[in-house]
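J.: My questions all concern the structure below.
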Amino acid sequence: MTVALATSLGDDALILGQRLAEWCGHAPTLEVDLALANIGLDLLGQAQFFLGAAGAAEGQGRDADTLAYRRREDEFRNCLLVEQPNGDFARTIARQFLFSTWQALLFPDLAQSAAPAIAAIAQKAAKEVAYHARFAAEWVVRLGDGTSESHRRMADGLAWCWRFTDELFMDDTAKFRPEWDSHINATLTQAGLATPKPVRGITGGRHGRHTEHLGHILSALQYLQRVYPDATW
Amino acid sequence: MALLAHIPDPEIPVISLTDLGIIREIRDGPPPILVITPTYTGCPASIAINASIRMALDGAGLADVQIKTELSPPWTTDWISESGRQALLAYGIAPPEPRAARLARQDEAPATCPQCGSHATAEISRFGSTPCKALWRCLDCAEPFDRFKCI
Ligand SMILES: [Zn+2]
């Protein structure tokens, strides 16, 4: 139970952190570059703690690094949303908005209800993800309520990411859907954007069935440890 | 504790680790354990902080003391001491608002400009040069400055 939950939370954070790092030096402005790198760094910190907790609960001597660098693609349990390519800036913001809003609802709940090792991390990270959610929501409004082009791109980005949102609300997390919908809709209304049309959700990440993108991420993320096992600085 | 009061934060060297409020407690041994807590989960300074504590302990003949990181209860900027806040301001970083005051408002209160003392200030970016700081500017003297985020 603890192993599975900590692994999926850690993998979400690790993979999205890696995606955000791809923006480093490429974001539209310096401030946005710093923001995306900072959010990525927070996520990397979450990954370190969650995967550390997963390894400890598993009790087979695997630490956070071993889990991050030595597992195969089908052993990762992140949701499909976080492994999706960055696309343009609007799509990156859409992905962050949908995901951080979900984390911001989930973590305060886990802080109360989860096993102590997970609760402590969730309680700590809840403060950070509230910041991420606010940052992303502000950009959704700015782009949605901006020029006709920024509006179109924001709508496209949301529509593209929407098919991966059902997976966020499977099993234990289904209870967060109504509140998440209301948060998302409030921001979209403010941005002058319509809620994307319902689509058939794509799932599988939580069971290790990933889109083709994860393997490419791992080939960059794991390269050094695969070629030079146990290399240190 | 006195030993730790002389270890500077690696990224904001005017403030010590005790002023920053990340030293939780010292548990008697054996082995004695020094409990610390990170500011942000992904703060890259955490490694440097651990290393500088280790060096200070070893240098004082306290090699048997173990360092342990505990997350709960999570660090809050309210744990930054008054002398730490003064040091931040003098260094050019606006100290964080008290958390209770921050939670009572929808938005962050204007910061005090560390250069000229004006309260006419505005946020430029929610994320600044390190995870713990946001970027602000003064509307009177026009200088940009860092502000410690309230968490
Ligand atoms: Zn000023």
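J.: Just give me the residues in segment A:5-42 being within 7 Å of chain B (Cβ to nearest Cβ) and among the aliphatic types (A, V, I, L, M), in sequence order.
T.: Within segment A:5-42, A:34, A:35, A:41 meet the criteria.
J.: List, please: which pairs have Cβ atoms under 6 Å, are six or more places apart or on different chains, and start with a residue in segment B:42-53 that is within 12 Å of another protein chain (Cβ to nearest Cβ) and end with one that is in a helix (DSSP H, G or I) and acidic (Asp, Glu)?
T.: Partner pairs satisfying both residue conditions: B:42/A:42.
J.: Give A:177, A:209, A:153, A:200 a once-over and let me know the one that is more than 14 Å from chain B (Cβ to nearest Cβ), part of a helix (DSSP H, G or I) and in contact (Cβ under 8 Å) with a residue 24 or more places away in the chain.
T.: A:153
J.: What is the residue count in segment B:1-58 for residues that are assigned to a loop (DSSP other than H, G, I, E, B) and out of contact with any helix residue (DSSP H, G or I) (no Cβ under 8 Å at 6 or more places or on another chain)?
T.: 8
J.: Sticking with this structure for a sec: Pairs, please: C-beta under 6 Å, at least 6 apart or cross-chain, first residue within 18 Å of residue A:168 (Cα to Cα) and in segment A:67-79, second surrounded by 18 or more Cβ atoms within 10 Å (Cβ to Cβ) and among the β-branched types (Val, Ile, Thr)?
T.: Every condition considered, the pairs that remain are A:77/A:7; A:78/A:15.
J.: Write out, first by first residue and then by second, each pair whose Cβ atoms fall under 6 Å of each other, whose residues are 6+ apart or on separate chains, and whose first residue, in segment A:4-25, is modelled with pLDDT under 95 while the second is open to solvent by 20 Å² or more (accessible area, probe 1.4 Å).
T.: Matching pairs, first to second residue: A:24/A:37.
J.: Would you check if residue A:56 is surrounded by 15 or more Cβ atoms within 10 Å (Cβ to Cβ) and among the small types (Gly, Ala, Ser)?
T.: Judged against the criteria, residue A:56 is a match.
J.: Mind listing just one residue for me: the one in segment B:59-74 that is more than 10 Å from chain A (Cβ to nearest Cβ) and in a loop (DSSP other than H, G, I, E, B) and, of those, surrounded by the most Cβ atoms within 10 Å (Cβ to Cβ)?
T.: B:65
J.: Provide a single number: the residues in segment A:180-194 that are under 22 Å from residue A:148 (Cβ atoms), out of contact with any Asp or Glu (no Cβ under 8 Å at 6 or more places or on another chain), open to solvent by 70 Å² or more (accessible area, probe 1.4 Å) and not aliphatic (A, V, I, L, M).
T.: Adding up the residues that qualify gives 1.
J.: For residue B:137, which of the numbered conditions (1) within 12 Å of chain A (Cβ to nearest Cβ); (2) under 30 Å from residue A:112 (Cβ atoms); (3) touching a Ser or Thr at 6+ places or on another chain (Cβ under 8 Å) fails to hold?
T.: (2)
J.: Further question: Which residue out of B:37, B:18 is in contact (Cβ under 8 Å) with a residue 60 or more places away in the chain and either over 28 Å from residue B:144 (Cα atoms) or not small (Gly, Ala, Ser) (or both)?
T.: B:18
Yes/no matrix, rows are residues, columns are (1) buried (at least 17 other Cβ atoms within 10 Å of the Cβ); (2) among the aliphatic types (A, V, I, L, M):
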{"position": "B:36", "(1), (2)": "yes, yes"}
{"position": "B:39", "(1), (2)": "yes, no"}
{"position": "B:45", "(1), (2)": "yes, yes"}
{"position": "B:55", "(1), (2)": "no, yes"}
{"position": "B:76", "(1), (2)": "no, no"}
{"position": "B:121", "(1), (2)": "yes, no"}
{"position": "B:127", "(1), (2)": "yes, no"}
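J.: Of the residues A:34, A:43, A:80, which is open to solvent by less than 10 Å² (accessible area, probe 1.4 Å) and closer than 24 Å to residue B:39 by Cα?
T.: None of the other options fit; the residue is A:43.
Residue by residue, here is whether (1) farther than 30 Å from residue A:40 by Cβ; (2) aliphatic (A, V, I, L, M); (3) open to solvent by less than 10 Å² (accessible area, probe 1.4 Å) holds:
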residue	(1), (2), (3)
B:86	yes, no, no
B:92	no, no, no
B:95	no, no, no
B:112	yes, no, no
B:115	yes, no, no
B:124	no, yes, no
B:134	no, yes, yes
B:143	no, no, no
B:148	no, no, yes
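The values are calculated or read from the model by the stated rules, or taken from the named source; none is laboratory data. Note that this is a predicted model, so its numbers are computed, not measured. Don't worry about glycine lacking a Cβ; one is built from the backbone with ideal geometry, like all the others, and counts go over all protein chains shown. Side chains included, ligands, DNA and RNA excluded: accessible areas come from the protein's heavy atoms. Shrake-Rupley method; radii C 1.70, N 1.55, O 1.52, S 1.80 Å.
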